[in-house]
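Structure first, commentary second.
The values are calculated or read from the model by the stated rules, or taken from the named source; none is laboratory data. Just so we're clear, the structure is a prediction, and the values are computed from it rather than from any experiment. Glycine gets a Cβ as well: all are built from the backbone with ideal geometry, and neighbour counts include every protein chain shown. The area values use the complete protein model at the heavy-atom level, side chains included, leaving out ligands, DNA and RNA. Shrake-Rupley method; radii C 1.70, N 1.55, O 1.52, S 1.80 Å.
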Amino acid sequence: DFDKAMLEVIKSEKDFINTPVQEVWHNDSDQILCFSRGDLVFVFNFSPTRSFTDYGFLVPAGAYSTVLNTDAKEFGGNGLADDSLTHFTNSDPLYADQHKEWLKLYVPARSAWVLAKNK
């Protein structure tokens with residue numbers, strides 16, 4: 001089911017295969033990786049035990065919706081995050097000239113998310 005859902009996400013992004021991958025964040029000690037590809041943001045928590053509340057990622061300003069979450073009950077996860085929420089970025093004057101803001105998320109242990117920027 002997860003593979004099928006991931007393929008649908010990839011098909012939803014126009015010209016996905018030719019869209020460059022951009023690293024947003026990585027932290028080896030937290031075991032967190034985040035990258036973007038087009039309007040999609042991919043967040044991975046590889047820690048087997050540590051979940052994080054309000055973990056911040058600098059992304060283009062706007063609102064983001066969950067399109068895939070490995071922690072969802074439908075994929076055998078714990079369903080700890082509310083995937084119906086719209087996540088809004090928080091401004092930071094230090095990054096205003098880059099048009100980036102903080103996207104703060106609850107990131108459960110051993111999970112991966114794909115979020116899409118709302119248009």
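Put simply, the amide H of GLY77, placed in the peptide plane, has neighbours under 5 Å in ALA72, leaving out anything fewer than 5 places away on its chain. A 1.4 Å probe run over the chain, with the rest of the protein chains in place, finds 61 Å² accessible per residue.
Whole-Hz Karplus values for segment 114-119 come out as 10, 10, 10, 6, 5, 9 Hz, taken residue by residue from phi with 6.51 cos²θ - 1.76 cosθ + 1.60 and θ = phi - 60°; glycine and proline positions read x. Surface composition of the chain: carbon and sulfur atoms hold 52% of the protein heavy-atom accessible area at a 1.4 Å probe. With the simple model of a label 7 Å out from the Cα in the direction of the Cβ, THR19 to ASP97 spans 2.9 nm. Between ASP83 and HIS26, full extension at 0.36 nm per residue minus the direct alpha carbon distance yields a gain of 18.2 nm. Proximity of backbone amide H atoms, modeled 1.01 Å from N, is registered between GLU101 and VAL59, ALA61 at under 5 Å, excluding neighbours fewer than 5 places apart on the same chain.
Estimated at the nearest 10 Å², the accessible area of GLU23 is 120 Å² with a 1.4 Å probe. Judged by the mean number of other Cβ atoms found within 10 Å, the most tightly packed of the peptides 77-84, 63-70 leads the ranking 63-70, 77-84. Lys-Lys pairs in the chain that are eight or more residues apart or on separate chains and whose Cα atoms lie under 21 Å of each other come to 10. What number does the chain give for Rg over Rh if you use C-alpha atoms and the Kirkwood radius? Over the Cα atoms of the chain, Rg/Rh equals 0.95. For the chain, the mean residue ellipticity at 222 nm estimated from helices alone is -3000 deg cm²/dmol, where every DSSP H run of n ≥ 4 contributes -39500 (n - 2.57) and the total is divided by all residues, rounded to the nearest 500. With an 8 Å cut-off on Cα pairs and a minimum separation of 6 or more residues, tell me the relative contact order of segment 20-119 in percent. Relative contact order of segment 20-119: 35 percent. Peptides 32-39, 50-57 ranked from most to least packed by the mean count of surrounding Cβ atoms within 10 Å: 32-39, 50-57.
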